[in-house]
Amino acid sequence: MEQNALKEELPVPRNGQVPKREIVADPVYSSVLVQRFINKIMMGGKKVVAETIVYSALGTIEQKLSKPALEVFEKALENVTPLLQIKARRVGGATYQVPIEISKLRGQAQAMQWLRDVCRERAGRSMAEKLSAELIDAYNGAGGSMKKKEDLHKTANANRAFAHFRW
């Protein structure tokens, strides 16, 4: 309870944008992207466990591909990041799936979630091994997370006739 009192709360506006929190770069790779990914992997506030998983996965990638792990991670994330998203819009009693362009930050967050979810669904082995395998697949343009991106883009392409319902 005392920790919450010590924590400095940011004011949340009644309307409008909520201010984004500043994320400090991770100590090993000095990358904000890796730190954001660690935060996505984390479950139940166990950050040390999430860091262990991500760092061991990146170490495995470095051994397997003999390329810098950060470069592989960034390329994999870039490959998985969607350019569009689908929003449901209700117009005159009918619901349309309207394709909308997505911001870079939101696209990266979506890609990180897809990578995490696909890793959790993979069979067997440890989370670090599953994560390294999925990142290598995404780097090569394959894998479950790439399939999710392609499915989303196919749906957006099929529904581009409803793009005029954007507002």
Report task. Determine the shape class of the chain: with a ≥ b ≥ c the square roots of the Cα gyration tensor eigenvalues, call it rounded for a/c under 1.5, and otherwise prolate if a/b is greater than b/c, oblate otherwise. Result -> oblate
Query raised in the report: Over the chain, what is the mean sequence separation of C-alpha contacts under 8 Å (at least six apart), divided by residue count, expressed as relative contact order in percent?
Result: 22
Report summary line: XL table LYS67/LYS87; LYS46/LYS154; LYS64/LYS87; LYS40/LYS64; LYS20/LYS64; Cα-Cα > 32 Å flagged, in table order, is LYS67/LYS87; LYS46/LYS154; LYS64/LYS87; LYS20/LYS64
**Report entry** Debye, to nearest 20: dipole size of the chain, +1 on Lys, Arg Cβ, -1 on Asp, Glu Cβ
**Finding:** 700
Query raised in the report: Using a cut-off of 20 Å between alpha-carbon atoms, which aspartates and glutamates can reach LYS47, once sequence neighbours fewer than 8 places away in the same chain are excluded?
Result: GLU22, ASP26, ASP117, GLU129
Query raised in the report: 222 nm [θ] for the chain, helices only, -39500 (n - 2.57) per DSSP H run of 4+, per residue, to 500?
Result: -17500 deg cm²/dmol
Query raised in the report: Of GLN35, GLN17, GLN63, which is the most mobile in a GNM of the chain whose springs link Cα atoms less than 10 angstrom apart?
Result: GLN17
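Each value in this text was obtained by applying a stated rule to the coordinates, not by laboratory testing. Owing to the predicted nature of the structure, the values given are computational and were not obtained by experimental measurement. Virtual Cβ from ideal backbone geometry, glycine too; neighbours counted across all protein chains shown.
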